[in-house]
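Take a look at the structure set out below.
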Amino acid sequence: GVRATGLVRSQHYTSLLLTTVPRDVPLKGGQAVVTEAKAGALPFGLLLGTIAGIQSSENDVYQEAALRLPYDVDQLQAGVVLLPR
């Protein structure tokens, strides 16, 4: 699989945007986006979503992509907050 770094940020309350992905990384629709393990942060391998579409142009320094969430936000009734130890 493709391994690259980027940042995921909230966009429009319930959608996520993958940002600051280097231009030389081949992003494609349907690719899974997971968390990376870092001390005191989220555990490795949590599925954040899949790439729904690339939103950057050829002139941008980095690539951006909208993520499709692995659940229906309108049907979400509860959630769990992960806290570092």
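The values are calculated or read from the model by the stated rules, or taken from the named source; none is laboratory data. Since we're looking at a predicted model, the values are computed, not measured. When we count neighbours, we look across all protein chains shown, and the Cβ atoms used for this are built from the backbone with ideal geometry, even at glycine. Accessible surface areas use protein heavy atoms only, side chains included; no ligands, DNA or RNA. Shrake-Rupley method; radii C 1.70, N 1.55, O 1.52, S 1.80 Å.
Would you mind working out the magnitude of the charge dipole of region 26-77 relative to its Cα centre, with +1 at each Lys and Arg C-beta and -1 at each Asp and Glu C-beta, to the nearest 20 Debye? Before the final figure, lay out each step's value.
Values: 3 positive and 6 negative charges, 40 e Å.
In debye, rounded to 20, region 26-77 gives about 200.
Going by a ≥ b ≥ c, the root eigenvalues of the Cα gyration tensor, does region 44-85 fall in the rounded group (a/c under 1.5), the prolate group (a/b larger than b/c) or the oblate group?
Values: a/c = 3.35, a/b = 1.74, b/c = 1.92.
Since a/c reaches 1.5 but b/c is at least a/b, the shape of region 44-85 is classed as oblate.
Which shape class applies to the chain: rounded if a/c is under 1.5, otherwise prolate when a/b exceeds b/c and oblate if not, where a ≥ b ≥ c are the square roots of the Cα gyration tensor eigenvalues? It comes out oblate by the Cα gyration axes.
I'd like the carbon and sulfur percentage of the solvent accessible area for the chain, probe radius 1.4 Å, heavy atoms only, ligands and nucleic acids excluded.
On the way: 3550 of 6580 Å².
Roughly 54 percent, rounded to a whole number.
Each of S15, A78, V25 was placed along the dipole of region 5-85 (beta-carbon charges, centred on the mean Cα), and the one lying farthest toward the positive end is A78.
Between region 28-85 and region 1-27, what's the alpha-carbon centroid distance in Å? About 7 Å separates the Cα centre of region 28-85 from the one of region 1-27.
With each label modelled as a point 7 angstrom along the Cα→C-beta vector, the T50-R23 pair spans 2.9 nm.
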